[in-house]
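One structure below.
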Amino acid sequence: MFIIKKPDSLSRISFLQDGIVTVDEFKVAVQNSCIGRKYEEFPQAMRAFIETNFRMIDINSDGIIGIEEYRYDCVQRMVVDDIRVIDEAFNSLLNDDDRRKGGLALYRYQELFAQFLSDQSEDCQANLLFGPLEL
């Protein structure tokens, strides 16, 4: 079991009020504060997390997550026999504007992250935001 020590400000998400937030409690808190909401409606801490995550993936700091950065991010989480699986996942995330820019800008990443958290359907485009993972 994972346990996250929490500051007093997070005590409201600990069901047992025992001074720790379990992974399950954290998941419930994310669901309650993010599912069905737009990115702008997310709690500030979640928005900061998403923006920081974008900056970590954007290795060259050009403001765009390109295919090579996406590949690098994915292979840290999974092993694939053929890189084309990751490339297909990346390309399926892109709209025409993303393709013109060469990848995902921060605002688009935020939009996709919000979809990932709030759209529970299997055909949600954002399901591939973190690669072709089995969800």
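The values are calculated or read from the model by the stated rules, or taken from the named source; none is laboratory data. For clarity, every value in this text was computed on a predicted model and none was experimentally measured. As a convention, Cβ positions derive from the backbone with ideal geometry for all residues, glycine included, and neighbour counts pool all protein chains shown.
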Quiz prompt | Residue check for ASP87: over 17 Å from the mean Cα position of the chain (by Cα) and either modelled with pLDDT of 95 or more or not assigned by TED's automatic domain parsing to the domain that holds LYS27 (or both) | solution = yes
Quiz item: Which is surrounded by 15 or more Cβ atoms within 10 Å (Cβ to Cβ) and not assigned by TED's automatic domain parsing to the domain that holds LYS27, of ASP123, ASP73?
Solution: ASP73
Quiz prompt | ILE86 among the β-branched types (Val, Ile, Thr), buried (at least 18 other Cβ atoms within 10 Å of the Cβ) and not in a strand (DSSP E or B) | solution = yes
Exercise. Pull up the stretch 9-52, narrow it to residues that are touching a strand residue (DSSP E or B) at 6+ places or on another chain (Cβ under 9 Å), within 27 Å of CYS124 (Cβ to Cβ) and modelled with pLDDT of 75 or more, then point me to the one that is surrounded by the most Cβ atoms within 10 Å (Cβ to Cβ).
Key: GLU25
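Going through the stretch 37-80 one residue at a time, which ones are outside any helix (DSSP H, G or I) and hydrophobic (A, V, I, L, M, F, W, C)?
PHE42, ILE59, ILE64, ILE65, MET78, VAL79, VAL80
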